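What follows is calculated from the coordinates using simple rules that are stated; it is not laboratory data. Model, not experiment: these values are computed from the prediction. Cβ sites come from the backbone with ideal geometry, for glycine too, and all protein chains shown count toward neighbours.
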Amino acid sequence: MADETRTESLAFLRYALERVVMAAGGSEQHAHYVADAISFAHIQGKLNQGLGVYEVIDLALKLGVLDMSATPEVIDEGPAWAVVDGNRSSGYYALNVMADIAIEKARTSGIAIVYGGNHNDAGSFASYVYKAYEQDMMAMTSNNTPPLAAPFGGMQNLLSCPPFDAIVPSDKEPPIWASLKFAEFYDADISEAILHNKPMNGKWLIDPETGELTDDAVPYAQPYEGYGRVWGYSCGGQIESPRTYALNLWNEGMTAIANPIGVPVHQISDTDDFQAALNGEGEATTTVGGSYYMCINPAVFGPIAAVKARSDDFISAVRESKTRPGHRIRIPGETAYNNLADKSATIEILTNHWKPFFENIAGQYGLSETSIRSDFTSLDQA
């Protein structure tokens, strides 16, 4: 993968992202939220949720569905719940507002949930649950997405490929940390396969005419000009397991159906709608229909030290259990946990995400890698 990634300064990546967000009309706070979440994905090693995901912000701006100057606001609330209208801001801003409210309410209520809507993509959700972890709390959060997957046994994309993160407090061991998606692939996997001339990781592409499955993305890929991650595709997306399918449907219930301002996935614009809107042939919705953030404060129900001790004991038992020959037992989230503990100054970035960001996105604001790096170096030396 050496030719597919480049090693860069984490501090420079954050600085570059903040400069571009503010150039696009975002506040300093908004810029911090975007840079924090995208950088966090690189620390995790989730490179498709890293720099390239900024293309979704740029796409939403071009579609006219994102207002970088907007501020999410609470429109209804109770002692242990709230509803946040994103006001067409980014999900990065909305989810941080939602997380902070849920964490604060859970301090006394024990459990709190905040629903969000009328906002756009939020990237990787790991940084949002980590905010709860830093307060010795549990959290789970997600949003729905444009239609990117077909129902189990179907051919037409009517379901999200939603991000999902959940975390449990720990002490010395890595936390119980789920960071995944409830479908097999999304647009970034299509672009990766085409740009690096390789098959998909499974036969998950459903031919729209025959219903046959394939791992060859070439006949279905629909590039978006100037982007290296965000592409469309004309095939259906196979969900491989009934378990994933059930979780996908449950997540739609959490993000958009129980949500009083949620919009279910089948009412969100698909990739064809986005292409048409870019060409002035229609209008698009926001790129997210709804979201939720649930926080649980175990300290309300008993000593937090006991919770953390049980978590550590459990993870230790899992790690030290008997392994299959030639294998090791992996703990989900431990890479991110270890990287955060190490405070590494560098991260890996996919090469096909780097050029579009600096040339096609930053460039429209009169910025470039050279100019941003020069300003960054000047600040560093000051």
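A few remarks follow.
- Trypsin sites (Lys or Arg not before Pro) within segment 202-275, DSSP loop, no more than 15 other Cβ atoms inside 10 Å: LYS203
- Listed candidates [x] 20.1; [y] 16.8; [z] 47.1 - label of the one calculated as mean projected area of the Cα convex hull in nm²: [x]
- Span from the segment 94-153 Cα centroid across to the segment 258-336 one, whole angstrom: 8 Å
- Volume of the convex hull of segment 32-121 (Cα atoms only), normalised per residue: 93 Å³.
- Compared with the alpha-carbon gap, the fully stretched path from VAL74 to ALA258 is longer by 64.5 nm at 0.36 nm per residue.
- Here the 3J(HN,Hα) profile of segment 344-349, calculated from phi with Karplus coefficients 6.51, -1.76 and 1.60 at θ = phi - 60°, is 4, 8, 10, 9, 9, 10 Hz, Gly and Pro shown as x.
- The alpha carbon convex hull volume per residue for segment 170-214 rounds to 119 Å³.
- As a ratio to 2.2 N^0.38 Å, the alpha-carbon radius of gyration for segment 255-303 is 1.82.
- Globularity index of segment 259-369 is 1.75 (Cα radius of gyration / 2.2 N^0.38 Å, N = number of residues).
- With contributions of -39500 (n - 2.57) from each DSSP H run of at least four residues, the per-residue ellipticity at 222 nm computed over the chain stands at -11000 deg cm²/dmol.
- In Å, descending, principal axis extents of the Cα set of segment 72-136: 31, 26, 11
- Magnitude of the charge dipole, the chain, Cβ model with Lys/Arg +1 and Asp/Glu -1, debye to 20: 1180 debye
- Loop sites in segment 293-324: trypsin sites (Lys or Arg not before Pro), DSSP, at most 10 other Cβ within 10 Å: LYS322
- Length gained when the stretch ALA246-LYS203 is fully extended (0.36 nm per residue, less Cα-Cα span): 13.5 nm
- Förster radius 22 Å - calculated FRET efficiency between LEU10 and GLU359, Cβ distance, rounded to 0.05: 0.55
- The lysine pair count for the chain, using Cα distances under 25 Å and pairs eight or more places apart or on different chains, is 22.
- Backbone N within segment 291-309 under 13 Å of label point (7 Å from SER316 Cα along the Cβ vector): 308-309
- Three-way shape label, segment 139-198, alpha-carbon gyration tensor, a/c 1.5: oblate
- The GluC sites (Glu not before Pro) found in segment 208-312 that occupy coil by DSSP, while having at most 15 further C-beta atoms within 10 Å, are GLU209, GLU212, GLU225, GLU240, GLU281, GLU283.
- Relative to the current alpha-carbon distance between THR108 and GLN29, full extension at 0.36 nm per residue lengthens the span by 25.7 nm.
- Each residue of segment 182-188 was assigned a 3J(HN,Hα) from its phi angle through the Karplus expression (A = 6.51, B = -1.76, C = 1.60, θ = phi - 60°), giving 9, 6, 7, 7, 9, 4, 4 Hz with x at Gly and Pro.
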